[in-house]
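K.L.:
Got a structure for you, questions after.
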Amino acid sequence: VEASIPEPQRAAWKKFTPKPFDTAEEFNAEAVRHIETTLARSMYNCDEGAAYAGTALAFRDRLVLDWNKTQQAQTFKDQKRVYYLSLEFLMGRALDNAMLNIGKKDVAVKGLSDLGFRMEDIISQEHDAALGNGGLGRLAACFLDSMASLNYPAWGYGLRYRYGIFKQEIIDGYQVEVPDYWLDFNPWEFARHDITVDVQFYGYVSKYQDDDGKNVSFWEGGEIVQACAYDVPIAGYGTSTVNNLRLWGSKAASGEFDFQKFNSGEYESSVADQQRAETISAVLYPNDNLERGKELRLKQQYFWCAASLFDIVRRFKKTQRPWKDFPNQVAIQLNDTHPTLAIPELQRILIDQEGLDWDEAWSIVSKTFGYTNHTVLPEALEKWSVPLFQHLLPRHLQIIYDINLQFLQYVERNFPKERDILSRVSIIEEANPKMVRMAYLAVIGSHKVNGVAELHSDLIKTTIFKDFVKIYGPDKFTNVTNGITPRRWLHQANPRLSELIASKLGGYDFLKDLTLLHKLEAYVDDKDFRKEFQEIKYANKVRLAKYIKDTLGVSVNPSALFDVQVKRIHEYKRQQLNIFGVIHRYLAIKAMSPEEKKKLAPRVSIFGGKAAPGYWMAKTVIHLVNQVGKVVNSDKDVGDLLKVIYLEDYNVSKAEIICPASDISEHISTAGTEASGTSNMKFVINGGLIIGTCDGANIEITREIGENNIFLFGNLAEDVEELRHSHMYGTYTLDPSLAAVFDSIQSGTFGDAGAFTSLVNGIVDHGDYYLVSDDFASYCKTQDLIDEAYRNQDEWLTKAITSVARMGFFSSDRCIDEYAEMIWNTEPLVPSKDE
Ligand code: 73E
C-alpha cells in the first residue's frame, strides 16, 4: 500500500507545489540553481557540459510535474493501458526533443545566450541514448513519441543496458568497435530503488496436489536476480501527457554481494555472483536482423519479460478487478519475437501463482497479446534449443509443450486429412537438438499479428505463416505500415523547413496531423516558396559538407548531388550494389573526354552505418567503400565530379544532420527482404528524392507521392525465387559492366585485391543470393536518369516539393491510431486543463 498525505494536511502540501518556469529569466533561475547546487559548479567553472546539465535539469523538472500528473490521472481513470515491450529503444538525444515537445525552446535559447552559451553547442553535449541497433529500435522510439502525443495511456518496457550499441571508429579503412558507456551522466532516468522484482532462473519443477486435489506445478531452486526499475519520462508534443518508459537493470538479489561468502573469505566468488547478475543487463546485442542463440540473450529476454509482467500484473491487481477483465485493461504489444516469453510467463503466473484453470488463463493470455513481425529473413527468426530452455526455464518449457499440445490437437481436429501440417506448425522443430520456434509461439499466443508494410504483411501470410492463415483464417493477420514522428524527423532535424511549411499552412498543426501537408501542393509553383525551399536544402548540404570537412578533412562541393546510403550494413540492404555502382561511375569518368565531363553533374556518394562485429562480409563492404574513397578522392582526373565519403559512427543524432541534406538516398534491398524501412520516409519528408527497389514501404511511398517522383529499379519480389534458382541450376552470366568493376577491383585498383575476394566470389561463384548482378544494369541506368533529372533543377525541385506534400500518410501517429483501433482497442485519455 502506498502512503499518501492525509486529507487535512494536503492544503499545506499544495502550497509548495513547484511552479514551472515560463520566461527566459525564470528558466535561467532554474538552470543556474541546478548548476550551482545540483552540480556544485559556479560561473568560474561552468563549461558547455555543465550548461547542458543545468538546461536538461531545468527542463526535466518541468517534465516531471506533468509526468506525475499524467500517471495519477491514468491510475485514477483506470482505462485500458498499452504496454509496448521492446528489447530496443533507439532514443537518440532527449533535450532538444523535450524542449520542442514542451514548447519552451525559444525561452531557453534566449536564457542561454544571456548566460553566454549557444543552444546548438549545448544540445550537442548530450550523449545519444543508443539502446538499439537500427529500424526496429528507432520505430519503438517513434511510437513512444506518438503514443504520448496522442494521449494514449501507454508504457514502454525495455532493458537498461549499461552499454548501448558500440561506437564505430574507422581506422585505416576498417571498422573498429569501441564500447558505448553512456550512463556517466543521464539526467533523463529516475532510479526507482523501491521498485524491484525478483527473477528466477534454472532450478526444477515439482508437482503436488493442493487441498482440492488439483495438480499444481511449482518452480523451485535455481538462482534469483533482482530487476530494478529505471523510469524515463516521455513527453508528448503539444500536450501535457508524459508517459513512462520503464527500463530494467539487473542486480544480485542479495543487494551488494553475498555476505556469507564474503565473511567466510570467498571474496572473489561473492563478487563474481554479483557481476554475473549485473551482466544480464550489461550490453545490447549488436546484431540487426540476426539471431545467434546465445544463452545470455535468452536470459536477457526472460529477465525483462518476467519483470515487466510482474509489474503489469501487480498494477492490475491493485484495481481489484476479476481476472477476466485483464484483457480489457491491458494490451501488450510484442515488438518482434524478442519478448515472446511474456506469453508463457503470463500463463505461468495465472495458473501456478493465481490458481486459474488452464483454459481460463489461456483465454486471458491469448486476448492480451499482439505480435508485430519485422522480418522474414531466415537468419533473423528466433529459435532456442530445447536443452537450453530446459536448463534455464524448465517450467516455461513445460508450459510451451502444453500450449503446443493443445494447439496441435486443435489443428488435428480441423485438418484431419493433412498429414504434414502438424510437424510444419509445431512450436517444437524436430531437429537435433530440438528447437523452440518463437515466431510460432508468438502467433499462437496473440490475437493479432501484423507486418510493417503492405508487401511485407502479404509476404508473411504466404511464406512463414502460411499454415497459420489456413488454421486461424486471414483476419488474425493484418498490416500496419510503419511511420516516423514528424516532430523529431522534420521539426527538430530541419527547423527551417518546418518553419517554412508552418508559414504557408498557418501554423504547426501539421506536426500533429501530418496529412495537412497536402496543402503545400498549392505552393508548388509559388516562386518565393520554391526559392526558399531550395535555399533550405542548400543550407542543410552546406552544414553536412562542413561536418564532413571537420571530421574527415575532405572538401565536398555543396552544389554537387548528395547521394546518401546510411543504415546498418547488411548484404540484403546491398551497400555492395551501391559501391559497385560508384566504381562503375569512376571507371566511366576516367574514360570521359573533357566535353563529356562538363555535362556530368558532380556527385558526392555518402555511406554510413555499422556492421555487426562478427559479420565479416559487411565489414568487407565498409573496407571497400573506404578504399574506393581513398583512390577516388585524390584522383586529379576526377576532381569534384565524384567524392566518396564514409561517415563514422552513424547514429540518431547524425541522422538528424544527414537526412535534411540529401538529394538522393538509396533504399535498394533485394525485393522482398526489407520489411519496411523507415529512413526512406525520413529522407523524403526532408525534401530528398529516393532511388529504390519495389520493396517494403518504398511501394507505398511510390503510391502516395507518384511514380514520377521516385526512381525505382530492379527485379520484383515475385521473381526473386526463380532467379535464385536459375543462378544455382541454370546458366549464369555476370552483368558485363559489373564484370568490368570486378576486374578493376581484382587488378588492385583499390588496394590489396585479396581483401575483396569473398565479396566478389559471393556473386560470381556462390549464386549471387542477393541478385546484385541481376539488378546491376537497371541500377546503373536509373543512376544515369538521376544525373539527367538533376540537371533540370526546376523539375527536380517540383518533384521534391510534391513529394513532401504527399508524405502525410507516413506519420507514426497514424500507425498508433491504427494499432489502437485494430489491435489494442484503447482510447486516448486527454488531460483536462486543470490537471
Ligand atoms: O525493414 C526494417 C523495418 O523498417 C526491419 O529490417 C527492421 O525493423 C524495421 C522496423 O519495422 C528489423 N530489425 C530486426 N528485424 N527487423 C531485428 C531483428 C533482430 C534483432 C534486431 C533487429
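The values are calculated or read from the model by the stated rules, or taken from the named source; none is laboratory data. All of these numbers come straight from a predicted model, not from anything done at the bench. A quick note on method: Cβ atoms are made from the backbone with ideal geometry, for glycine too, and the neighbour counts reach across all protein chains shown.
K.L.:
Which numbered condition in (1) under 33 Å from the mean Cα position of the chain (by Cα); (2) surrounded by 15 or more Cβ atoms within 10 Å (Cβ to Cβ); (3) over 30 Å from D513 (Cβ atoms); (4) not charged (D, E, K, R) is the only one that M807 fails?
P.N.:
It is condition (3) that M807 fails.
K.L.:
Continuing with the same structure: Can you name the residue in the stretch 759-769 that is outside any loop (DSSP other than H, G, I, E, B) and in contact (Cβ under 8 Å) with a residue 24 or more places away in the chain and, of all such residues, is surrounded by the fewest Cβ atoms within 10 Å (Cβ to Cβ)?
P.N.:
Ranking the qualifying residues of the stretch 759-769, first place goes to V764.
K.L.:
Filter the stretch 519-537 down to the residues that are in a helix (DSSP H, G or I) and loosely packed, with under 13 Cβ neighbours inside 10 Å, then identify the one that is nearest to the chain's Cα centre (by Cα).
P.N.:
Ranking the qualifying residues of the stretch 519-537, first place goes to E535.
K.L.:
Same structure again: Could you list, in sequence order, all residues of the stretch 74-84 that are away from the ligand (no atom under 14 Å from the Cβ) and either in contact (Cβ under 8 Å) with a residue 24 or more places away in the chain or touching a helix residue (DSSP H, G or I) at 6+ places or on another chain (Cβ under 9 Å) (or both)?
P.N.:
As a first pass, look at the stretch 74-84 and keep what is away from the ligand (no atom under 14 Å from the Cβ): 74-83.
Within the stretch 74-84, Q74, T75, K77, D78, Q79, K80, R81, V82, Y83 meet the criteria.
K.L.:
If only one of K214, K207, K167 is farther than 30 Å from Y371 by Cα, away from the ligand (no atom under 16 Å from the Cβ) and touching a Ser or Thr at 6+ places or on another chain (Cβ under 6 Å), which one is it?
P.N.:
Matching residue, one of K214, K207, K167: K207.
K.L.:
Can G135 be described as within 16 Å of the ligand (Cβ to nearest atom), assigned by TED's automatic domain parsing to the domain that holds A342, in contact with a helix residue (DSSP H, G or I) (Cβ under 9 Å, 6 or more places away or on another chain) and not aliphatic (A, V, I, L, M)?
P.N.:
yes
K.L.:
I'm trying to understand the selection: among the residues of the stretch 424-475, which are part of a loop (DSSP other than H, G, I, E, B), in contact (Cβ under 8 Å) with a residue 24 or more places away in the chain and farther than 27 Å from K294 by Cβ?
P.N.:
Residue satisfying the conditions is A453 alone.
K.L.:
Would you confirm whether or not the stretch 406-419 contains a residue that is under 23 Å from L309 (Cβ atoms), polar (S, T, N, Q) and assigned to a loop (DSSP other than H, G, I, E, B)?
P.N.:
Within the stretch 406-419, not a single residue is under 23 Å from L309 (Cβ atoms), polar (S, T, N, Q) and assigned to a loop (DSSP other than H, G, I, E, B).
K.L.:
Working carefully through the options A431, A442, find the one that is in the same structural domain as N335 (by TED's automatic domain parsing) and within 16 Å of the ligand (Cβ to nearest atom).
P.N.:
Checking each option against the conditions leaves just A442.
K.L.:
Could you grab me the full set of residues in the stretch 725-739 that are hydroxyl-bearing (S, T, Y) and modelled with pLDDT under 95? Outline the logic, then answer.
P.N.:
Taking the stretch 725-739 and keeping what is hydroxyl-bearing (S, T, Y), we get 726, 729, 731-733, 737.
Answer for the stretch 725-739, where residues must be hydroxyl-bearing (S, T, Y) and modelled with pLDDT under 95: Y729, T731, Y732, T733.
K.L.:
Out of P344, P286, report the one residue that is within 16 Å of the ligand (Cβ to nearest atom) and either under 21 Å from S676 (Cβ atoms) or not assigned by TED's automatic domain parsing to the domain that holds R568 (or both).
P.N.:
P286
K.L.:
Mind listing whichever residues of the stretch 647-670 are over 14 Å from the mean Cα position of the chain (by Cα), away from the ligand (no atom under 13 Å from the Cβ) and either without any contact (Cβ under 8 Å) to a residue 60 or more places away in the chain or not in a loop (DSSP other than H, G, I, E, B) (or both)?
P.N.:
Of everything in the stretch 647-670, those that are over 14 Å from the mean Cα position of the chain (by Cα), away from the ligand (no atom under 13 Å from the Cβ) and either without any contact (Cβ under 8 Å) to a residue 60 or more places away in the chain or not in a loop (DSSP other than H, G, I, E, B) (or both) turn out to be L647, K654, E656, I657, I658, C659, P660, A661, I664, S665, E666.
K.L.:
Got at least one residue in the stretch 389-410 being touching an Asp or Glu at 6+ places or on another chain (Cβ under 9 Å), surrounded by fewer than 16 Cβ atoms within 10 Å (Cβ to Cβ) and free of Cβ contacts under 8 Å to residues at least 40 places away in the same chain?
P.N.:
Among the residues of the stretch 389-410, not one is touching an Asp or Glu at 6+ places or on another chain (Cβ under 9 Å), surrounded by fewer than 16 Cβ atoms within 10 Å (Cβ to Cβ) and free of Cβ contacts under 8 Å to residues at least 40 places away in the same chain, which makes the answer no.
K.L.:
Moving to a separate point now. Does K643 satisfy being within 29 Å of M592 (Cβ to Cβ), out of contact with any helix residue (DSSP H, G or I) (no Cβ under 8 Å at 6 or more places or on another chain) and of a type in the set (K, R)?
P.N.:
Values: within 29 Å of M592 (Cβ to Cβ): yes; out of contact with any helix residue (DSSP H, G or I) (no Cβ under 8 Å at 6 or more places or on another chain): no; of a type in the set (K, R): yes.
Spelling it out, it is not the case that K643 is within 29 Å of M592 (Cβ to Cβ), out of contact with any helix residue (DSSP H, G or I) (no Cβ under 8 Å at 6 or more places or on another chain) and of a type in the set (K, R).
K.L.:
Okay, moving on. When you go through (1) within 29 Å of the chain's Cα centre (by Cα); (2) within 23 Å of N151 (Cα to Cα); (3) of a type outside the set (S, T, N, Q) one by one for A58, which number turns out not to apply?
P.N.:
(2) is the only condition that A58 fails.
K.L.:
If a residue must be more than 11 Å from the ligand (Cβ to nearest atom) and either under 21 Å from K654 (Cα atoms) or not assigned by TED's automatic domain parsing to the domain that holds F711 (or both), how many such residues does the stretch 671-681 contain?
P.N.:
0
K.L.:
Condition first: under 12 Å from T337 (Cβ atoms) and β-branched (V, I, T). Now tell me which residues in the stretch 428-441 satisfy that.
P.N.:
Selection gives V436 alone.
K.L.:
Okay, moving on. Within the stretch 3-25, how many residues turn out to be in contact (Cβ under 8 Å) with a residue 12 or more places away in the chain and among the acidic types (D, E)?
P.N.:
Total satisfying the criteria: 2.
K.L.:
Please find, among Y572, Y547, the residue that is surrounded by fewer than 21 Cβ atoms within 10 Å (Cβ to Cβ) and either assigned to a loop (DSSP other than H, G, I, E, B) or not assigned by TED's automatic domain parsing to the domain that holds N686 (or both).
P.N.:
Y547
K.L.:
Quick one: in the stretch 272-283, which of the residues that are in contact with a Phe, Trp or Tyr (Cβ under 8 Å, 6 or more places away or on another chain) and modelled with pLDDT of 95 or more is nearest to the ligand (Cβ to nearest atom)?
P.N.:
Taking the candidates together, the pick is V283.
K.L.:
On to the next question. Would a scan of the stretch 815-825 turn up a residue that is in contact with a helix residue (DSSP H, G or I) (Cβ under 9 Å, 6 or more places away or on another chain), outside any helix (DSSP H, G or I) and either surrounded by fewer than 21 Cβ atoms within 10 Å (Cβ to Cβ) or assigned by TED's automatic domain parsing to the domain that holds T241 (or both)?
P.N.:
Within the stretch 815-825, one or more residues are in contact with a helix residue (DSSP H, G or I) (Cβ under 9 Å, 6 or more places away or on another chain), outside any helix (DSSP H, G or I) and either surrounded by fewer than 21 Cβ atoms within 10 Å (Cβ to Cβ) or assigned by TED's automatic domain parsing to the domain that holds T241 (or both).
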